[in-house]
Amino acid sequence: MGLPVVLVHGLRLSGTMWRPQQELLEAQGRRVVAVDLPGHGTRRGQEFTLPAAIDAVAEAIDAVGGRALLVGLSLGGFVSIAVAAAHPGRVAGLVAAGCTARPAQTLAQVYRIPAVLLDRLPDHGQAVNERFHRLTLPTDGAAAALDGGLAMEAARAVIDEISDMEVLEALGAYEGPVWLINGARDPFRIHERQFLEACVDGRLLNVPRAGHMVSLDQPENFAKLVGDIADVASVRAAEAPPGAARSHGPGV
């Protein structure tokens, strides 16, 4: 079985976005859970707050034995960083993908105004977002992203919560191993070096020919990375205490 893997989705999406990775990793005999954050997927209607999101992910980790590799993309990456800082004993390793941009400088500028404008549309921008995903993702990836529904109504609460997050401080508070993974074409890579320097034990991986939704752009490649990282994190957890050495090296 190895180290369990808990997957945390992006803004407006749900745990279904991880279906390609879940199927590939489970085929290797791994235990994998894709959690829905408050306000998203099966938790639509619940208020999104960062403490509630942390609790939801911590509960998912507890459900697989109390310790796991935590993998988050975009919003899920920020939430996963917060979980690792709040519950380091539950997180054997952290993969933060598509989230190496300081939220106060990016979410407020890039997401808040469009969210307000989309909110004025009769469908709150759902059709626009569906079309965007279908145009920019492979067919199977778009289906995985959209099958859990688009929580358009959650966007403004998420942006308000995450914009106030001291993400570099939270990242530095976690002493375990961290893998920062970005698509090479992801515009949200802008602060990746600052994020790497904030890690106690970090490494940075850029995936060629992939964009912001790196896990859906290259599902097999991303699943292989996660599987390899889970194996490394499992061995590291058994051999050495978290934070034994400060590392900024490349690769797994």
Legend entry - Centre separation in Å (Cα based) which lies between the range 44-99 and the range 124-143: 25
Inset, instruction - Report the residue, chosen from 131, 102, 156, that carries the largest GNM mean-square fluctuation when the chain is represented by alpha-carbon nodes joined by springs under 10 Å. - result: 131
Inset, instruction - For residue 185 and residue 221, calculate 0.36 nm times their separation in residues minus their Cα-Cα distance, and state this gained length in nm to one decimal. - result: 11.4 nm
Legend entry - the chain - percent relative contact order, Cα under 8 Å, separation 6 or more: 23
Legend entry - Principal axis dimensions, the range 5-239 - Cα atoms, whole angstrom, descending: 55, 36, 34
Inset, instruction - Return the FRET efficiency for the residue pair residue 131, residue 238: r is the Cβ-Cβ distance, R0 is 30 Å, and the value is rounded to the nearest 0.05. - result: 0.05
Legend entry - Full-extension gain in nm, residue 62 to residue 31, via 0.36 nm per residue minus C-alpha separation: 9.9 nm
Inset, instruction - Amide H neighbours of residue 8 under 5 Å, at least 5 residues apart or on other chains, H built in the peptide plane: list them. - result: 71, 72, 73
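None of the figures in this text is laboratory data; all of them are computed from the coordinates on show. What you see is a predicted model, and the numbers here were worked out from it, not measured in a lab. FYI the Cβ positions are ideal-geometry reconstructions off the backbone, even for glycines, and counts take in every protein chain you see.
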